[in-house]
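Note sheet for the following structure.
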Amino acid sequence: MEAAAPDLIRAIIGFRQWRLRDGGLWSLHANERWLRGLQTARCLGEDAHEAPQNECTCGYYAWYAPPPRTASAATPDLVGGAVALWGHVELHAHGMRAQHAMVVALALPFSRGAKRERLLAIARDIEVPAVPARKIKAVALEHGDLIPRRMRPPDTTPNKRAAPGEPAPARLYAVADGLVQRR
Ligand SMILES: [Zn+2]
C-alpha cells in the first residue's frame, strides 16, 4: 500500500452504544469487550486483513453524532458514549468504521438506579469520565475533532439509522494520524 499523507492530524470523534454485561462494556453486534485505552480492530473474515477494509464489515463503528438520548435510556443495559478513532477510517453517510478506537466518555443514564452504579464502576475501571448525555460531545472534543460535513459521503439510503456496514459506492477514506495523549 502506498504511503499517504494523513487527511486529519487529530483523532476523529465518534459516538456509539455499548451493552453493560459482566461488569464491562461490550459491543452490540460483536462479542467484544471494550477495555481501558487503545483497541485495534481485527478482521474475523475468511481472509483476514487490516481492519477496516472495503467490502468487509470489520473495524470499530461509530456515528458522527450522538444517537437520540432516548435510544438507550429506556433499556436496562444499553449505554451511550464517545470514542476517539484513528488509523484507517472508512467514512459512510452517517458513521464510520475505524482501525483504532478508544472510549473517551460515557453518558450517565437519566435514572439513579443500578444501571447508573454499574456504569460508574465501569467508567472508573477504564478511566474515562461519566458525564450527562448533553455534555458528551464537549468532553469528547477534548480528544479530537468531528468529521467535517464536506468529507462525509452523501446519504443514498432511505434508512437514516442503518448501521454503517455495507460500503456505499460513494465511499471515501480518511486517515487520522494520532490521538491527543491523556494527561
Ligand atoms: Zn475485514
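Some points to look at:
- Only one of the numbered conditions (1) over 11 Å from the mean Cα position of the chain (by Cα); (2) within 23 Å of Ile147 (Cα to Cα); (3) without any contact (Cβ under 8 Å) to a residue 60 or more places away in the chain; (4) more than 16 Å from the ligand (Cβ to nearest atom) is not met by Ala93, and that is (3).
- Check on Ala74, within 16 Å of the ligand (Cβ to nearest atom) and open to solvent by 30 Å² or more (accessible area, probe 1.4 Å): no
- Checking Tyr64 against (1) under 10 Å from the mean Cα position of the chain (by Cα); (2) within 16 Å of the ligand (Cβ to nearest atom); (3) farther than 16 Å from Arg19 by Cα, the condition it does not meet: (2)
- Looking only at region 51-61, and only at residues there that are open to solvent by 40 Å² or more (accessible area, probe 1.4 Å) and over 12 Å from the mean Cα position of the chain (by Cα), the one that is nearest to the ligand (Cβ to nearest atom): Gln53
- Residue list for region 102-129, restricted to those being touching a Gly at 6+ places or on another chain (Cβ under 6 Å) and surrounded by fewer than 20 Cβ atoms within 10 Å (Cβ to Cβ): none
- Test: residue in region 99-121 that is hydrophobic (A, V, I, L, M, F, W, C) and touching a Cys at 6+ places or on another chain (Cβ under 7 Å): no
- Residue within region 37-50 that is under 19 Å from Leu119 (Cα atoms), among the aliphatic types (A, V, I, L, M) and either touching a residue at least 24 places away in the same chain (Cβ under 8 Å) or open to solvent by 40 Å² or more (accessible area, probe 1.4 Å) (or both) present: no
The values are calculated or read from the model by the stated rules, or taken from the named source; none is laboratory data. Quantities reported herein were computed from a predicted structural model and do not represent experimental measurements. Because the Cβ atoms are built from the backbone with ideal geometry, glycine has one as well, and the counts that use them run over all protein chains shown. Heads up: the accessible areas ignore ligands, DNA and RNA and are worked out on the full protein's heavy atoms, side chains in. Shrake-Rupley method; radii C 1.70, N 1.55, O 1.52, S 1.80 Å.
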